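*Asks:* First the structure, then my questions, so here it is.
The values are calculated or read from the model by the stated rules, or taken from the named source; none is laboratory data. All values derive from a computational prediction rather than experimental measurement. Ideal geometry is used to build each Cβ from the backbone, glycine not excepted, and the neighbour counts take in all protein chains shown. To get the accessible areas, we keep the full protein, side chains included, count just its heavy atoms, and leave off ligands, DNA and RNA. Shrake-Rupley method; radii C 1.70, N 1.55, O 1.52, S 1.80 Å.
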Amino acid sequence: MNAHVVALCGGVGGAKLAHGLAMALPPAELSVIVNTGDDFRHLGLDICPDLDSVMYALAGVADPVRGWGRRAETWSFMEALKGLGGESWFQLGDRDLALHVERTWRLARGATLSEVTAHLCQALGIAVRVLPMSDDPVRTRVLTVEGWLDFQEYFVHRQCQPAVRDFVFAGAESAQAPADALAVLERPDLRAIIICPSNPFVSVAPILAVPGIRSAILRATAPVIAVTPIIGGKAIKGPAAKMMAELGLEVSAAAVACRYTDLIDGFVIDSDDARSQPPPGVRFFSTATLMSTTEDRLRLAWEVLKAADLLGTVA
Ligand code: FO1
């Protein structure tokens, strides 16, 4: 029986499915490869927002409303910083701050991002493997109608307001995938590769832009299945639908599937979109994809695994 599942994951939406998969599978059977294109240095700290969102979701400490940061957070640091005239557009909660300080300290002492992430996972009691897409810096930049913006400047500071024209993932072409990420994608007992319901332009595309990761997925014999981040023409969370419209694309789940056609065998759409036509070579599976509760996360994880297993049997 093929046992190992690899999930490719961005921030908040992807983290919810990663959590569902972690509840559905024994820890040794799941690895999560996470986007690091959103990473940036802020106030002297190395911040990795998508790794943070995934780790907090897996540890069961994520804020349920914001999706990012920790629940039951306090904001004394931010208030004190504001009082000193410091930069306050990027919110760092008191408990969250500890994680960024610890990561920055360990990286400064020469540890790789993979090593630091493994340490933080252990400290947070996370048993599944969480792997950054690269230990080398890759930085997403957004071409907007106002010019180029660094990702967090666009996403948080400008609240995704300027219309987008293009994206680059600076450093991706020469970035190496960590050996552990390649090893899990190359496992002979791979059961499925799952592309989580993350933004296709700024969460999944940077992972696929790391050359070793894309080629390992293309070589994998296991089924590759993606889950829609779009339901009924609207993004579940974040700017995916707005970006599609600004890029002149149809805003639909099927249009997201088209972006992955060279990689995927299956695509999970929402029941609301059950009449959509799949692109050639891709099979659509429809189910309820909105993850409002913890139970939804687990149920969607089971549905995605069932679809992947079906694709694996017919392959
Ligand atoms: N997102 C926001 O919209 N506003 C914030 O102030 C903010 C702070 C923040 C701090 C730490 C962290 O790990 C994530 C944070 N995020 C914040 C989320 C994050 O920047 C984005 O959701 C992702 O980059 C997109 O996946």
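*Asks:* Scanning segment 228-238 for residues that are out of contact with any strand residue (DSSP E or B) (no Cβ under 8 Å at 6 or more places or on another chain) and in contact (Cβ under 8 Å) with a residue 60 or more places away in the chain, which turns out surrounded by the fewest Cβ atoms within 10 Å (Cβ to Cβ)?
*Replies:* Lys237
*Asks:* From the list Arg129, Arg103, which residue is open to solvent by 50 Å² or more (accessible area, probe 1.4 Å) and not aromatic (Phe, Trp, Tyr)? Before you say what the answer is, go through the steps one by one.
*Replies:* On the way: Arg103 fails: open to solvent by 50 Å² or more (accessible area, probe 1.4 Å).
One residue alone meets the criteria, Arg129.
*Asks:* Identify, please: which residue in segment 148-165 is open to solvent by 30 Å² or more (accessible area, probe 1.4 Å) and touching a residue at least 24 places away in the same chain (Cβ under 8 Å) and is, among those, farthest from the ligand (Cβ to nearest atom)?
*Replies:* Within segment 148-165, the match that is farthest from the ligand (Cβ to nearest atom) is Arg165.
*Asks:* Kindly provide the set of residues from segment 54-92 that are open to solvent by 50 Å² or more (accessible area, probe 1.4 Å) and at positive phi, ordered by number.
*Replies:* Within segment 54-92, Ala72, Gly85 qualify.
*Asks:* So, one more: Name every residue in segment 31-70 that is farther than 30 Å from Ala3 by Cβ, more than 13 Å from the ligand (Cβ to nearest atom) and touching a residue at least 12 places away in the same chain (Cβ under 8 Å), in order of residue number.
*Replies:* Gly44, the sole residue that qualifies.
*Asks:* Please identify the pairs in which a residue from segment 95-106 that is touching a residue at least 60 places away in the same chain (Cβ under 8 Å) has its Cβ atom under 8 Å from the Cβ atom of a residue that is hydrophobic (A, V, I, L, M, F, W, C), counting only partners at least 6 apart or on another chain.
*Replies:* These pairs meet every condition: Thr104/Leu45.
*Asks:* If the requirement is being over 23 Å from Val12 (Cα atoms), at pLDDT 95 or above and open to solvent by less than 40 Å² (accessible area, probe 1.4 Å), which of these qualifies: Val282, Val268?
*Replies:* On the way: Val268 fails: over 23 Å from Val12 (Cα atoms).
Of the residues listed, the single one that is over 23 Å from Val12 (Cα atoms), at pLDDT 95 or above and open to solvent by less than 40 Å² (accessible area, probe 1.4 Å) is Val282.
*Asks:* Which one of Pro197, Pro206 is within 16 Å of the ligand (Cβ to nearest atom) and either under 18 Å from Gly281 (Cα atoms) or outside any helix (DSSP H, G or I) (or both)?
*Replies:* Pro197
Residues checked against (1) within 16 Å of the ligand (Cβ to nearest atom); (2) part of a loop (DSSP other than H, G, I, E, B); (3) open to solvent by less than 10 Å² (accessible area, probe 1.4 Å):
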residue: Gly212; (1), (2), (3): no, no, no
residue: Ser215; (1), (2), (3): no, no, no
residue: Ala226; (1), (2), (3): no, no, yes
residue: Ala241; (1), (2), (3): yes, no, no
residue: Met244; (1), (2), (3): no, no, yes
residue: Val251; (1), (2), (3): no, yes, no
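*Asks:* Being surrounded by fewer than 18 Cβ atoms within 10 Å (Cβ to Cβ) and over 20 Å from Arg219 (Cα atoms) narrows it down to one residue among Thr313, Thr261, Thr294; which is it?
*Replies:* Testing whether each residue is surrounded by fewer than 18 Cβ atoms within 10 Å (Cβ to Cβ) and over 20 Å from Arg219 (Cα atoms) leaves just Thr294.
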